[in-house]
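Peer 1: Have a look at the structure that comes next, please.
The values are calculated or read from the model by the stated rules, or taken from the named source; none is laboratory data. It should be emphasised that the depicted structure is a prediction, and the values quoted were computed from it without experimental measurement. Accessible surface is based on the protein model in full, side chains and every heavy atom, while ligands, DNA and RNA are left aside. Shrake-Rupley method; radii C 1.70, N 1.55, O 1.52, S 1.80 Å.
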Amino acid sequence: MLREIRPAIVLLVALTLITGLAYPFTITGIARAVFPYQAQGSLIERDGKVVGSALIGQEFTSERYFHGRPSATVATDPNDPSKTVPAPYNAANSGASNLGPTNRTLIDRVQNEVDKLKKENSSTAVPIDLVTTSASGLDPHITPTAALFQAARVAKARNLSEDRVRQLVEQHTEGRWLGLLGEPRVNVLALNLALDSTAGR
C-alpha cells in the first residue's frame, strides 16, 4: 500500500514546493526587479511618508480638493457587528452596492448628489462619474470632464486662478494606454498633491 501512496505524496510535496514557493518567489523577484514601483503597491510618497496608493482612491471632502467618485464600500459597525456602516474606499471590503438602476435608494442618492453638484456648477452638466460608484468602490481616477467640472470650486477655495487649476488638470490627465486602450483619466490623489504643492498647501 505504501508503494501506491508514495508517488502521490511525492507529487503533492513537489507541486507544493514548485507552485506554492518557487513560482511565487520567482515571479515576485522578477516583478521587483523589472517593475519595482508597481510591485510595491504603486505607493505615493510625500516628504518621505506614504500618503496613499495610485491604485486606491481616497475620500476628499474639503472644498479645497478635487473629489473622486463616490464609494459604496462598507465596514462592520463597531457598535453592532451584525450591521455595516459606510466606509469609503475600504480596500478590505471592495465591491459595489449591487443596487439596480430602478432601485429607489440608488435613484434618490444619485439625484441628491446631482442637485448638490448643480449648486456648485450650474452652467455645466454633471459628469456621471461624480455621482455613480465604480464596480470596485476603490477607483482612484475620474474623467478629465469631472475634474474640470470642479475647477471653479477648487480655484475659489484656494484663491487661485481657474486657468491655473485647469492647467493642473491637463498636466495630470493620463491618456489611453499605447494610445488605444482605456479612456483619458485623472488620478485624484496625484492631482490634489500637485495642487498642494502649487498653492503652498
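Peer 1: Divide, for the chain, the radius of gyration over alpha carbons by 2.2 N^0.38 Å, where N is the residue count.
Peer 2: 1.37
Peer 1: Over the stretch 15-103, what is the mean sequence separation of C-alpha contacts under 8 Å (at least six apart), divided by residue count, expressed as relative contact order in percent?
Peer 2: 16 percent
Peer 1: Report in % the part of the accessible area of the stretch 22-99 that belongs to carbon and sulfur, leaving out ligands and nucleic acids; probe 1.4 Å.
Peer 2: Working: 2980 of 5240 Å².
Ligands and nucleic acids excluded, carbon and sulfur reach 57 percent.
Peer 1: Of the heavy-atom accessible surface of the stretch 117-201 (probe 1.4 angstrom), what whole percent is carbon and sulfur?
Peer 2: 53 percent
Peer 1: Can you give the relative contact order of the stretch 101-186 as a percent, counting alpha carbon pairs under 8 Å and 6+ residues apart?
Peer 2: With pairs under 8 Å counted, the relative contact order is 23 percent.
Peer 1: Over the chain, what is the relative contact order in whole percent, taking alpha-carbon pairs under 8 Å and six or more residues apart?
Peer 2: Value for the chain: 19 percent.
Peer 1: Over the chain, with the other protein chains present, what is the accessible area per residue in square angstrom, probe 1.4 angstrom? Could the numbers behind the result be given before it?
Peer 2: Working: 12980 Å² over 201 residues.
Accessible area per residue, the chain: 65 Å².
Peer 1: Another one. Enumerate the lysines that LYS156 could reach by cross-link, defined here as Cα to Cα under 30 Å, with residues fewer than 8 away along the same chain left out.
Peer 2: Filter leaves LYS49, LYS116, LYS118, LYS119.
Peer 1: What is the Rg over Rh value, at two decimals, for the stretch 101-201, using alpha-carbon atoms and the Kirkwood definition of Rh?
Peer 2: That ratio is 1.00, to two decimals.
Peer 1: Return one number: the angle in degrees, 0 to 90 and rounded to the nearest 10, between the long axis of the Cα atoms of helix 2-15 and the longest principal axis of the Cα atoms of the chain.
Peer 2: Taking Cα atoms only, the helix is inclined about 30 degrees.
Peer 1: Nearest 10 degrees is fine. How inclined is helix 188-199 to the longest principal axis of the chain, computing both from alpha carbons?
Peer 2: Long axis of 188-199 versus the principal axis of the chain: about 50 degrees.
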